[in-house]
Structures are given as structure tokens and as C-alpha cells.
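Each value in this text was obtained by applying a stated rule to the coordinates, not by laboratory testing. Everything numeric here is computed off the predicted structure, so don't read it as measured data. Cβ: placed from backbone, ideal geometry, glycine included. Neighbour counts: every protein chain shown.
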Amino acid sequence: MSILKEVTLIEAESVLSAGAFPASSCAPAAASFATPAATPATLSPALEHISARHPCFALGKPNKKGRIHLPVSPGCNIGCRFCERSINKGEQRPGVTSEVLSPAEAVEIVEESLALCPEISVIGIAGPGDTLATSTAFETFRIVRERFPQLLRCMSTNGLLLAERIDELVEVGIDTLTVTVNDIDPQRLAEINAHIVYHGKLYRGVPAAEILIANQLAGIRAAAERNVLIKVNTVLVPGINEHYIGDIAAAVKEAGAGLYNIIPLIPNAKMAHLPAPNCAQIDAARSAAEQHITVFRHCQHCRADAIGQIGGADYAEQIYAKRQRARQKDTFSHG
Ligand code: CLF
Ligand code: SF4
């Protein structure tokens, strides 16, 4: 099979396959909402400022702000072995959505959501695939920026194309960015990520991991230079990266990230046989990271279509069910 055919197959497969992480049962204890003693004391003024307005950049206690995720990015250009993207209503995890929206449909959803949940302060795009693998996230941000200039714009990416698309990202006015960096060692990352498709070419294993790591760190540097606030997510994979979280945190901090979030593995897809990290492993990883960078602890491992306050009521089911009912009514026929 030619490389191009293989790439096409992989891309098609990854659009329809499904993704990622578990909701952690290790809810932070009340005491842990306080900024831990090990957290570096020098927070940037920009991070302190955004902390009160953005639920996923909140330092200390949760800030009661809400976010809406617009699921407009179905495709992906890398192959995380735990990834299992899916279209369904029930699963509570990243990579899952009720439907994939067009940019125009996304605007309607924001309007309806703000009416139900005025606490929403952030429009985020986090999948169900990667936001930079296609251009629909940027198209959507251009439209929503016009209509809802008061809302922060937030994006999540695997970072493969971050450096080369940084000017577009700045042009659409991204305020906050999450880059998922699962390791900084190519040998270990190759155990977590099977392949990348980069500039039309398929790379596997260590060569793929080397490109991905270099591009992620270059992308974080480029975003930091442009004053975009950056959070790094790391999927904690027992037996692979669990003892290297401190090294990853130090490297992304040095590149310009301001915040760090550990996402416990949800054993899925090609990592279905692995155990999910337990609370002790998650705590140890957070403690290791906190030696280098401020750690965000309230993550709810949101679906790609989540709507509402973090940890509060979610309006996605209500809003998407209403859309589906309207569509059924429009298409109903006795014929
Ligand atoms: Fe969404 Fe992510 Fe922006 Fe937040 S989620 S794109 S930074 S607006 Fe937040 Fe949800 Fe955790 Fe993400 S709780 S999964 S960290
Ligand atoms: Fe799945 Fe996200 Fe990894 Fe792409 S970057 S393979 S969508 S988890």
C-alpha cells in the first residue's frame, strides 16, 4: 500500500474512532484548592488576571465560571493509543460529542447556551479531534468573536501544527491555549503515541515522537512569545510517564507554559488493558509537577460538547436533544 493511501486510511479511521480519558474519582480535598506550598510563587500578572474569568485557569478555589465547548473539529493528525473518539450522548470524557457542528451551527449553540447559563465566560474548542488538523476551529472563532466579543476564546491542541499556525491563532484572538504534551522523551512517547501524519507523510514510533515533541515545545514557545496564556495537559499513563511528570512539567514551564493539568488515563482503545492511575499515583504526579509549575486541580475531563459550569449542571444534553427534535420534525414525512 502506498504511503498516501495509508495516510488517508489512518485519517479516515481516526476521524471516526474515538478517544481518551477518565473522570478522576480523586476529587481534590478542600485543602488542596489552596495554592500548594510547592507551587512556584511567581505567577504572571496575566495568569492572575485570567484566573477569575476562566474556569480552567482558576487558581485556588473554583471560580464558578462556565465554558461552552463547540465540537467543530472532528479530524486528527496523530494517533494517541488511548484515543477513542465517539459520537454518543452518554459518555463523560474528552473525545465524545453528541454531534459535530459546522461553524454556523456553533453560533446558534452559543446563543442558546448563554440564555440557559449566563455564567459562561469562555468559548472553548477541544475536539472531538485536533483543532489544528483542520481549519474549522479558526473559522468558528472568527464568527463567534464578532458575535460574542465579551467571551474568552480557548483552544486545545496536540501541538503538532502549533508553531506553523501560530499567526492564525493570534489573528482569531485566542486568549488561552491548552497543549497536550504526554512526554518529552521520544522512546516513552512512542509507547503512548503510535503515529503522526505530518505534511502529508506518515511517521511511526520514535521518529514520529521526535517530531511531535519538538513541534509541541516550539509551539509553546511561539505562543508564549505572543502573550497567549498556555496550560499543558498530560495524560498520566501508569508504567510509561508516571515517574517523569516532574521532567515534563519543567520542560513545558521552561518553554513558556503557565499552568499544568494532569489527566488520568482512561484505559481505552489500544490502552484498554492498562490500569487507570489510582489516587496515590495522581497525587504523586501532581506533587512532582508542582515543584516546577502551578497545577490546575479542578479538571472535569469534559466532553467535546460540554456546556455549563465546571462540576456543575451540564446543558449539552438538553440543547442537543432540542436540536435533534427540531431536525426530526423538519424531516418527518408520511411518504
Ligand atoms: Fe475547554 Fe480546555 Fe479551554 Fe477549559 S476544558 S478547551 S481549557 S475551556 Fe477545563 Fe474541561 Fe479540564 Fe479541559 S475542565 S477538560 S481543562
Ligand atoms: Fe485523540 Fe486528541 Fe490524541 Fe488526536 S490528539 S489522537 S483526538 S487524544
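A few points about this structure:
- Verdict on ILE293 being touching a helix residue (DSSP H, G or I) at 6+ places or on another chain (Cβ under 6 Å), more than 16 Å from ligand 2 (Cβ to nearest atom) and farther than 19 Å from GLU242 by Cα: no
- For the stretch 173-186, the set of residues classified as hydrophobic (A, V, I, L, M, F, W, C) and either on the phi > 0 side of the Ramachandran plot or out of contact with any Ser or Thr (no Cβ under 9 Å at 6 or more places or on another chain) (or both) consists of ILE174, ILE184, listed by residue number.
- Filtered residue count, the stretch 222-253, keeping only those that are closer than 26 Å to LEU152 by Cβ and free of Cβ contacts under 8 Å to residues at least 40 places away in the same chain: 2
- Residues (outside any loop (DSSP other than H, G, I, E, B) and in contact with a Lys or Arg (Cβ under 7 Å, 6 or more places away or on another chain)) located in the stretch 209-256: ALA255
- Residue, farthest from the chain's Cα centre (by Cα), within the stretch 63-72, restricted to residues that are within 10 Å of ligand 1 (Cβ to nearest atom) and in a loop (DSSP other than H, G, I, E, B): LYS65
- Looking across the stretch 198-216 at every residue that is away from ligand 2 (no atom under 16 Å from the Cβ) and either in contact with a Ser or Thr (Cβ under 6 Å, 6 or more places away or on another chain) or without any contact (Cβ under 8 Å) to a residue 40 or more places away in the chain (or both), the one that is farthest from ILE282 (Cα to Cα) is identified as HIS199.
- Number of the condition not met by SER98 [criteria: (1) in contact with a Lys or Arg (Cβ under 6 Å, 6 or more places away or on another chain); (2) within 16 Å of ligand 2 (Cβ to nearest atom); (3) among the hydroxyl-bearing types (Ser, Thr, Tyr)]: (2)
- Some residue of the stretch 288-307 being assigned to a helix (DSSP H, G or I) and over 20 Å from the mean Cα position of the chain (by Cα): yes
- Scanning the stretch 54-101 for residues that are small (Gly, Ala, Ser) and touching a residue at least 12 places away in the same chain (Cβ under 8 Å) yields ALA58, GLY60, GLY66, SER73, GLY75, GLY79, SER86, GLY95, SER98.
- Of all residues in the stretch 86-109, those that are under 22 Å from THR176 (Cβ atoms) and surrounded by fewer than 20 Cβ atoms within 10 Å (Cβ to Cβ) total 2.
- Any chance ALA104 is out of contact with any strand residue (DSSP E or B) (no Cβ under 6 Å at 6 or more places or on another chain) and away from ligand 1 (no atom under 16 Å from the Cβ): yes
- Residue in the stretch 257-275 that is under 21 Å from the mean Cα position of the chain (by Cα), within 16 Å of ligand 2 (Cβ to nearest atom), outside any strand (DSSP E or B) and without any contact (Cβ under 8 Å) to a residue 60 or more places away in the chain present: yes
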